[in-house]
Amino acid sequence: MADSFENSELVKNVPLIPLRDLVVFPATLVPFIVGRPSSIKALEKAYEKDKLIFLAAQMDATIDNPLPKDIYSMGVTARIIRTVKTDERNMKVIVEGLNRARIIEYLSTYPYYQILAKVVKEVEDNTPETQDLLKKVLSLFEEYLKVNQNANLDSIIPALRENSTDRIADIISSHLYLPLEEKQNLLETVNTKERLRRLKFLLQESLVNFMGRETAAGGTRRRGGAKDASQRTFIPGNQFRKEEQPNEIEELRRKVAEAQMPPDAQEKALKEIERLETMPPMSAEATVSRNYLDWLISLPWNKKSREKRDLKEAEKILNEDHYGLEKVKERILEYLAIRQLVKNPKGAILAFIGPPGVGKTSLGKSIARATGRKFVRLSLGGVRDEAEIRGHRRTYIGAYPGRIIQMIKRAGTKNPVFLLDEVDKMSMDYRGDPAAALMEVLDPEQNKEFLDHYIDTDFDLSQVMFIITANSIDPIPKALLDRMEVIRIPGYTEDEKLQIAKKFLIPKQLKAHGLSPNNLEFTDQAILKIIREYTREAGVRNLEREITAICRKVVKKVVTKGKDYHEKLTPKAVENYLGIPKYRRLEIDQKDEIGVALGMAWTEFGGELLTFEATKIHGKGNLLLTGQLGEIMQESAQAAYSYVRGKLYELNLSKELERNFDIHIHVPEGATPKEGPSAGITIATAIISLLTGIPVSKKVAMSGEITLRGKVLPVGGIKEKLLAAYREGITEAILPIDNKPDLKDLPKKLKQNLKIHLVENMDQVLKIALTKELVPKKGPEEAEKQEKPEAAAEEGTPSPVAKEPELTN
């Protein structure tokens, strides 16, 4: 059949890939492997440019480097859909055939073939005769699919309903198992009617051959004989495809048997292997099935780490890795003790809540080392898709299991220590709420049957020891928090930081920088200077960073002056190495001030001291707030102001004040957002100090929520707040009486050096905070008694009567 070139177009400078034993037709998606260096370069060039490539079959598949004379001139233009590097030398590529085209000229042959091609216009024929022929071909093809075990009926039939006659003919041609020459003949037959006639003949011949082979093989099957490769196929061209698979299929069955899966998972795996056995090896569906089977086989369904249960050894390991944190260590040892008495206890779910740098993540690693388990860490910061936890369903392209299953596979055991880091940094959007998906993972009653959407079968997470870390407890949903045992890890005291630096950080950095204790010796005064003037944190992360900076500078001296160089680090040397101090202590003035009070605040980075300043300006009794205060703190300030206004008469304050003046409250460091109700008593104290003219003691810091009646309510973050006050040289602190239980876990040194006052109401706060005692104005009844003349000593003696003024004209 002659080609029709009318209205056809030229395709210039298009890269060519010669194909072995493969003919690609228009309107079909075809995967294949590319391994020749020239073909890989052609593929890369096409992918970078416009993803268009020319595909043509080579006449002899055994030729490694075909010349132009070895390649059929008729091929197809195609678009690259996806490329995947399978190993160092090969790439898998999926292409979509576009148009028939014929090679006109080879423009270059190195480093890859580049050609000029002309698109061949197909001769369409939509006459009634052609439509009748199409119906017969479709009927024969449907019968062909039913008897062919390699074909997937569900994926092919829908494509036939939604295409034109010529495209249907091409799709059928691509799915027939035929010799290369016969497929090339179908590609070069550009007349649709002629192609349908040829397809009808080939389908009829294939079905007849198959029926004859089935009849001949029937006796063998009845006698119990096994199928061989020729009995599974009915087209000679298909035999090479099926012979590639038995080894792979048997290997997969063996691996499934060795994986010790639960019955449900094993049943799914075997069914998937049966499906894979019926697919063409190079089809996209076969790749999806292989990936799924790989995941099922590689999961540790029944593999466990042998646990260490020696309490003394575990305690030794925990003490080696961390200083302090007694409560956390005690809880871990309790857990190990339970494991000795109970055969199969449920996995623990602990939540470590604390500021950055206090050792939450490293504590998880120490627990894994102490228990002899594997350790895996999953950071949840920024995760906002539920599928990140539960996985994607396999119906989606590029589906994969969720991060939980991925980490379990990485651990290689079903009982690792699993750290879920930064849980409070998760968010949600239209794709779902990952926190809700975590509820099943972290529920001891449910996680025995955790269902990942991709794996699609239950996996037992009940023996996993989950550890959750977060800086703040507030963003964690209550329902999720209810499933955890919360252990708060507060910030370290100055003394604790000193010990951590001496025992852990300095030896670690000296070793990392190739230094010995003889090269660099840190004095306690130098370490304290770094802690006080170069870091301001609850943990020790920045402290380690500054120690690292000093070590780097000393390394330079050791290199230039010799390995015997020795330096004893003093506070003065610290300043030479690290420069001007980054922080200074909060300026505690020697003189107490009117209208200025110190409040204790808590953030996710630890405790801080805030200065609250109050002043009065001409106005109409309004309250003005500045310093980037949050909504809750503004409400707390308004409540404090309302309390003061309600006490104007009782506190001996001028009533004219609220008519003639506004009160302005400012909290310095206006660039830092401030939030929370705990500033209520501090603001009220600053206002009362301003109005009475009595200074507030600079040695007193306070924290507590105020009500309109002057009651002081409890607040959070007590240890962090008191640590901040102690760090800044405060000697007295005022706290709500309901926070008394929070004082039990305070370090001894803190209790010895900080006098803590527990109060119930504002009267007690003012008595402690103000430098002079308030003299309340006498009440109305008492004042009336003073205005009346004194009563006579004896009963019945008449009171003297005031003389009335004389009336004059």
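The values are calculated or read from the model by the stated rules, or taken from the named source; none is laboratory data. Keep in mind the model is a prediction, meaning the values are calculated, not measured. All Cβ positions, even for glycine, are placed from backbone atoms using ideal geometry, and neighbour counts span all protein chains on display. When the accessible area is computed, the model is the full protein with side chains, heavy atoms only, and any ligands, DNA or RNA have been set aside. Shrake-Rupley method; radii C 1.70, N 1.55, O 1.52, S 1.80 Å.
For ALA314, the conditions (1) assigned to a loop (DSSP other than H, G, I, E, B); (2) closer than 22 Å to ILE467 by Cβ are fulfilled apart from (1).
Report yes if some residue within segment 398-416 is β-branched (Val, Ile, Thr) and within 22 Å of ILE489 (Cα to Cα); otherwise report no. For segment 398-416, residues β-branched (Val, Ile, Thr) and within 22 Å of ILE489 (Cα to Cα): absent. Applying the set (1) of a type outside the set (Asp, Glu); (2) surrounded by fewer than 13 Cβ atoms within 10 Å (Cβ to Cβ); (3) farther than 23 Å from PRO263 by Cβ to ASN302 leaves exactly one unmet item: (3). Applying the criterion of at least 1 residues that are among the aromatic types (Phe, Trp, Tyr) and either out of contact with any strand residue (DSSP E or B) (no Cβ under 7 Å at 6 or more places or on another chain) or under 19 Å from LEU609 (Cα atoms) (or both) to the helices (runs of 4 or more DSSP H) found wholly in segment 619-732 leaves 718-727. Filtering segment 165-214 to residues that are open to solvent by 40 Å² or more (accessible area, probe 1.4 Å), modelled with pLDDT under 85, out of contact with any Pro (no Cβ under 8 Å at 6 or more places or on another chain) and under 24 Å from ASP21 (Cβ atoms) leaves HIS175, GLU205, ASN209, ARG213. Candidates are the residues of segment 280-299 that are part of a loop (DSSP other than H, G, I, E, B) and among the hydrophobic types (A, V, I, L, M, F, W, C); the one that is most open to solvent (accessible area, probe 1.4 Å) is MET282. So, LYS69, is that one under 45 Å from the mean Cα position of the chain (by Cα) and open to solvent by 60 Å² or more (accessible area, probe 1.4 Å) or not? Answer is no for this residue. Taking the criterion of being in contact with a Leu (Cβ under 6 Å, 6 or more places away or on another chain) and modelled with pLDDT of 85 or more, would at least one residue in segment 150-161 satisfy it? No; the residues of segment 150-161 include none that is in contact with a Leu (Cβ under 6 Å, 6 or more places away or on another chain) and modelled with pLDDT of 85 or more.
Quick check on ASP421: is it under 16 Å from the mean Cα position of the chain (by Cα), open to solvent by less than 40 Å² (accessible area, probe 1.4 Å) and modelled with pLDDT of 80 or more? So ASP421 passes the test.
Within segment 555-566, does at least one residue satisfy the condition of being open to solvent by less than 20 Å² (accessible area, probe 1.4 Å), touching a residue at least 40 places away in the same chain (Cβ under 8 Å) and in contact with a strand residue (DSSP E or B) (Cβ under 8 Å, 6 or more places away or on another chain)? No - not one qualifying residue is present in segment 555-566. Exactly one residue out of ALA437, ALA512, ALA479 is open to solvent by less than 30 Å² (accessible area, probe 1.4 Å) and in contact with a helix residue (DSSP H, G or I) (Cβ under 9 Å, 6 or more places away or on another chain): that is ALA437. GLU313 meets each of the listed conditions (1) farther than 23 Å from GLY398 by Cβ; (2) modelled with pLDDT under 85 apart from (2).
Against the condition open to solvent by less than 80 Å² (accessible area, probe 1.4 Å), free of Cβ contacts under 8 Å to residues at least 60 places away in the same chain and over 30 Å from LEU648 (Cα atoms), how does LEU743 come out, does it pass? The answer is yes for LEU743. Kindly indicate whether any position in segment 25-35 is part of a loop (DSSP other than H, G, I, E, B), of a type in the set (Gly, Ala, Ser), over 26 Å from ILE171 (Cα atoms) and open to solvent by less than 70 Å² (accessible area, probe 1.4 Å). Among the residues of segment 25-35, at least one is part of a loop (DSSP other than H, G, I, E, B), of a type in the set (Gly, Ala, Ser), over 26 Å from ILE171 (Cα atoms) and open to solvent by less than 70 Å² (accessible area, probe 1.4 Å), which makes the answer yes. With the condition kept exactly as written, say whether any residue in segment 440-461 is of a type in the set (S, T, N, Q), surrounded by 18 or more Cβ atoms within 10 Å (Cβ to Cβ) and farther than 29 Å from ALA269 by Cβ. No, segment 440-461 contains no residue that is of a type in the set (S, T, N, Q), surrounded by 18 or more Cβ atoms within 10 Å (Cβ to Cβ) and farther than 29 Å from ALA269 by Cβ.
Within segment 357-389, the set of residues being open to solvent by 30 Å² or more (accessible area, probe 1.4 Å) and at pLDDT 85 or above comprises THR361, SER362, LYS365, ARG369, LYS374, PHE375, ARG377, SER379.
Can you find a residue that is of a type in the set (Gly, Ala, Ser), surrounded by 13 or more Cβ atoms within 10 Å (Cβ to Cβ) and touching a helix residue (DSSP H, G or I) at 6+ places or on another chain (Cβ under 7 Å) anywhere in segment 74-86?
Checked against the condition, which is being of a type in the set (Gly, Ala, Ser), surrounded by 13 or more Cβ atoms within 10 Å (Cβ to Cβ) and touching a helix residue (DSSP H, G or I) at 6+ places or on another chain (Cβ under 7 Å), segment 74-86 yields no hits at all.
Could we say that ILE40 is of a type in the set (Val, Ile, Thr), touching a residue at least 24 places away in the same chain (Cβ under 8 Å), open to solvent by less than 50 Å² (accessible area, probe 1.4 Å) and touching a helix residue (DSSP H, G or I) at 6+ places or on another chain (Cβ under 8 Å) here?
no
Count of segment 41-93 residues, restricted to those that are closer than 26 Å to GLU182 by Cα and β-branched (Val, Ile, Thr), is 8.
Restricting to segment 124-140, name every residue that is open to solvent by 50 Å² or more (accessible area, probe 1.4 Å), touching a residue at least 12 places away in the same chain (Cβ under 8 Å) and part of a helix (DSSP H, G or I). Hits for segment 124-140 are GLU129, GLN131, LYS136, LEU138. With respect to GLU44, is the statement that it is of a type outside the set (Ser, Thr, Tyr), in a helix (DSSP H, G or I) and farther than 21 Å from GLU188 by Cα true? When the stated conditions are applied, GLU44 passes them.
What's the total number of residues in segment 333-361 that are hydrophobic (A, V, I, L, M, F, W, C) and in a loop (DSSP other than H, G, I, E, B)? Number satisfying all stated conditions: 3.
Okay, residues lined up against (1) assigned to a loop (DSSP other than H, G, I, E, B); (2) more than 11 Å from the chain's Cα centre (by Cα); (3) β-branched (Val, Ile, Thr):
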{"site": "LEU363", "(1), (2), (3)": "no, yes, no"}
{"site": "ILE367", "(1), (2), (3)": "no, yes, yes"}
{"site": "VAL376", "(1), (2), (3)": "no, yes, yes"}
{"site": "VAL383", "(1), (2), (3)": "yes, no, yes"}
{"site": "ILE389", "(1), (2), (3)": "no, no, yes"}
{"site": "ALA399", "(1), (2), (3)": "yes, yes, no"}
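Scanning segment 482-510 for residues that are modelled with pLDDT under 85 and in a helix (DSSP H, G or I) yields GLU494, ASP495, GLU496.
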